[in-house]
Every structure is written in C-alpha cells, then in structure tokens.
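Asker: Quick one: the structure is below, and I'll ask about it shortly.
The values are calculated or read from the model by the stated rules, or taken from the named source; none is laboratory data. If you're wondering where the values come from, they're calculated on a predicted model, not measured in any experiment. No Cβ is skipped: glycine too gets one built from the backbone with ideal geometry, and neighbour counts run over all protein chains shown.
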Amino acid sequence: RKELVVAVKLNAGAKWLSGEEPGYAEQFWFGGAGNLRGYTNDFFRGSRIAWGSLELRRLIGELSSFYAFFDQGYYRRVENGTTIYDYPYSYGIGIRLASRMGVIGLDYGFGEGDTFSTAKIHIRLISRF
C-alpha cells in the first residue's frame, strides 16, 4: 500500500447571456472550504472561473490522511465596462479522519498576504453514500 499520494483536482466554469455579461447574481462564486481554502466561502466571483488543487497526502488509514495543499484560482468579470480578473492562490495543511458520520476534514489555509492570525480554518463533514 502506498502511503504518500499526490492528488490533483481541476474545475472550471463560464457563462454568457446573449452577448451580455451575466449579472451579479448569475455569476459563479468560489473560495473557501471546497476550493481556495485560504479564503472565506464564496469570496470570489466571475462569469469565467477556474481553480485547481494540488495535495501531497500522507495516508494514515483507508480514508484518513495528513496533507499539504496549494490551491490556484482564476476569475474574470466585467463591471461598468471594466474587465476585472485575478489569479488568487492559497496554501496550507490539513487532516482528514474517518468517522462513523463520514470523513471529518480540517484545513488551515493561508490566502495571499495572510499571517498565522488571519489564516482560515475550515471544518467539513464529507459524507459518502
């Protein structure tokens, strides 16, 4: 059994509405526990988005691991005729532990410019059916 694993995840989305830029409510939102873990949930938005995650995992059980991660994102939107875009990133460490309820995940993530006191902590319950 391999104890060290590299995991890669990529996601993307884009919206066009009859040649117009989608409105505020119709844009994609991301950031937080599910993707850029150094930020609060839904911190970023755009009509075109992408993000990826790279994790180096040390397996400690069938569904349990310690890991270090790096997340990279992209967003683009138009506001008042001005195109706004950025490539935010985050990095950190985490642990996933198997339990009777599912896998409990704890991530400690740094966004751009974060210090130890401003880093984000995300706790998730990942259920499997």
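Asker: State all residues of the range 56-95 that are more than 17 Å from LYS2 (Cα to Cα) and among the basic types (Lys, Arg); if no residue qualifies, say none.
Answerer: Matches in the range 56-95: ARG76, ARG77.
Asker: Quick one: in the range 32-51, of everything that is aliphatic (A, V, I, L, M) and crowded, with 20+ Cβ neighbours inside 10 Å, which residue is farthest from SER117 (Cα to Cα)?
Answerer: Filtering the range 32-51 down to residues aliphatic (A, V, I, L, M) leaves 33, 36, 49-50.
Subset that is crowded, with 20+ Cβ neighbours inside 10 Å: 36, 49.
Working: LEU36: 18, ILE49: 28 Å.
So, considering only residues that are aliphatic (A, V, I, L, M) and crowded, with 20+ Cβ neighbours inside 10 Å, the one farthest from SER117 (Cα to Cα) is ILE49.
Yes/no per residue for (1) in contact (Cβ under 8 Å) with a residue 24 or more places away in the chain; (2) surrounded by fewer than 14 Cβ atoms within 10 Å (Cβ to Cβ); (3) not aromatic (Phe, Trp, Tyr):
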residue: ASN11; (1), (2), (3): yes, no, yes
residue: SER18; (1), (2), (3): no, yes, yes
residue: PRO22; (1), (2), (3): yes, no, yes
residue: PHE30; (1), (2), (3): yes, no, no
residue: ARG57; (1), (2), (3): yes, no, yes
residue: GLY81; (1), (2), (3): no, yes, yes
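Asker: Condition test on ASP107, is it acidic (Asp, Glu), assigned to a loop (DSSP other than H, G, I, E, B) and crowded, with 16+ Cβ neighbours inside 10 Å?
Answerer: Values: acidic (Asp, Glu): yes; assigned to a loop (DSSP other than H, G, I, E, B): no; crowded, with 16+ Cβ neighbours inside 10 Å: yes.
Answer is no for this residue.
Asker: Test each condition in (1) out of contact with any His (no Cβ under 9 Å at 6 or more places or on another chain); (2) modelled with pLDDT under 95; (3) closer than 17 Å to HIS122 by Cβ for GLY13 and report the one that comes out false.
Answerer: For GLY13, the exception is condition (3).
Asker: Now for a different question. Can you tell me which residue within the range 8-20, out of those that are of a type outside the set (A, V, I, L, M) and either over 11 Å from the mean Cα position of the chain (by Cα) or not in a strand (DSSP E or B) (or both), is farthest from GLY81 (Cα to Cα)? Please lay out each step first, then the result.
Answerer: Kept after step one, since they are of a type outside the set (A, V, I, L, M), are these residues of the range 8-20: 9, 11, 13, 15-16, 18-20.
The next check asks that each one be either over 11 Å from the mean Cα position of the chain (by Cα) or not in a strand (DSSP E or B) (or both); those that pass are 13, 15-16, 18-20.
Working: GLY13: 21, LYS15: 17, TRP16: 15, SER18: 16, GLY19: 13, GLU20: 11 Å.
Top of the filtered list is GLY13.
Asker: Related question: So if I check each of ARG100, ARG124, ARG76, which one is loosely packed, with under 14 Cβ neighbours inside 10 Å and not small (Gly, Ala, Ser)? Spell out how you get there, then give the answer.
Answerer: Working: ARG124 fails: loosely packed, with under 14 Cβ neighbours inside 10 Å; ARG76 fails: loosely packed, with under 14 Cβ neighbours inside 10 Å.
Sole residue among the options that is loosely packed, with under 14 Cβ neighbours inside 10 Å and not small (Gly, Ala, Ser): ARG100.
Asker: What residue, among those in the range 32-73 that are aliphatic (A, V, I, L, M) and under 9 Å from the mean Cα position of the chain (by Cα), is nearest to ASN11 (Cα to Cα)?
Answerer: First, the residues of the range 32-73 that are aliphatic (A, V, I, L, M): 33, 36, 49-50, 54, 56, 59-60, 63, 68.
Pick out the ones that are also under 9 Å from the mean Cα position of the chain (by Cα) and you get 33, 36.
Values: ALA33: 15, LEU36: 12 Å.
Taking the candidates together, the pick is LEU36.
Asker: Condition first: within 15 Å of GLY13 (Cα to Cα) and modelled with pLDDT under 95. Now tell me which residues in the range 74-87 satisfy that.
Answerer: ARG77
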